[in-house]
1. Quick one: net charge around V92, please, counting Lys, Arg +1 and Asp, Glu -1 for every other residue with C-beta under 13 Å from its C-beta.
2. What FRET efficiency would be calculated for the residue pair V121, R181, taking the C-beta separation as r and a Förster radius of 25 Å, to the nearest 0.05?
3. Give me, ordered by chain and number, the residues 5 or more places off V114 or on other chains with an amide H under 5 Å from its own placed amide H.
4. What's the center-to-center distance, using Cα atoms, between region 138-167 and region 51-90 in Å?
5. With a 10 Å Cβ neighbour count serving as the proxy for reagent exposure, in which order, fewest first, do I49, I117, I96 appear?
6. Expressed as a rounded percentage, what relative contact order does the chain have, with Cα pairs under 8 Å and six or more residues apart?
7. For each of W40, W34, W186, W131, count neighbouring Cβ atoms within 10 Å of the residue's Cβ, then give the residues from fewest to most.
8. Using only the alpha-carbon atoms, how far is helix 3-23 inclined from the longest principal axis of the chain? Give it as 0 to 90 degrees, nearest 10.
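The numbers here are math on the coordinates, done by the rules we state, and not lab data. Everything numeric here is computed off the predicted structure, so don't read it as measured data. Positions of Cβ are generated from backbone atoms using ideal geometry, with glycine treated the same way; all protein chains shown enter the neighbour counts.
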Amino acid sequence: MTTLTRRSALALGAAAVAAPFVATLPARAADPDWFPVDAWTQVLSTQPIASYWKHLRDAARVGKEFGSTDAVWRSFFRVPVASLAGTTIRSVAFEILLTHSPTPNPTPVQLFHVQDIDPEVPLAWNTQPGWIAYLGTASGASYGSQLDQVLTFGGLQPLVEEALAREATHLSFGLRAGNERDQYQWKKFTGDRAGLTVTRV
């Protein structure tokens, strides 16, 4: 074999080794973007005209308050989505951080699409926004030494796409217990740690 032939063989061998690595490298999935709430509040059944936009902001409460006879909480969240206009979306999920439950056993909480909420307008139990559509259920617990838990409600791409099609600037969501008569489904969340995770194409 001549020197030229040997060099050619080496070059071809190197290409054969390198080419499969490049050709078979899987496409990297896009990292999701985080769209946090810009407003949240809660309502209490035993205080039907009380608005909580400006007080009791330590947690977003959901369910029958543990140890109470009839106090039921629901929480509401608003997420800005206008910046997604013109975007091709692969997936959307609502996430929120669970910080307290009365039992270590996971219990359900339900997410709904609700009519738009506005922090400039008082919102109370008697003036709740309309509950438009059920979006899903997630279960979790954060009791005692258990770590806080992120609850995720997926499959929201059609909802966001519909909102963008009608040029909506925000989407609003409501959380309530799966069974509002069961005190063991009582939960507290970090209101400011809620929002949408959006994966774009």
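1. Numbers: positive: R90, R200; negative: D33, E95, E161, E162.
Net of charged neighbours comes to -2.
2. Numbers: r = 30 Å, r/R0 = 1.18.
Efficiency for this residue pair is about 0.25.
3. I132, S172, F173, G174
4. 11 Å
5. On the way: I49 10, I117 20, I96 30.
Result, fewest neighbours first: I49, I117, I96.
6. Details: 459 pairs, mean separation 69.7, N = 201.
For the chain, the relative contact order is 35 percent.
7. On the way: W40 27, W34 10, W186 24, W131 14.
Lowest to highest Cβ neighbour count: W34, W131, W186, W40.
8. 10 degrees
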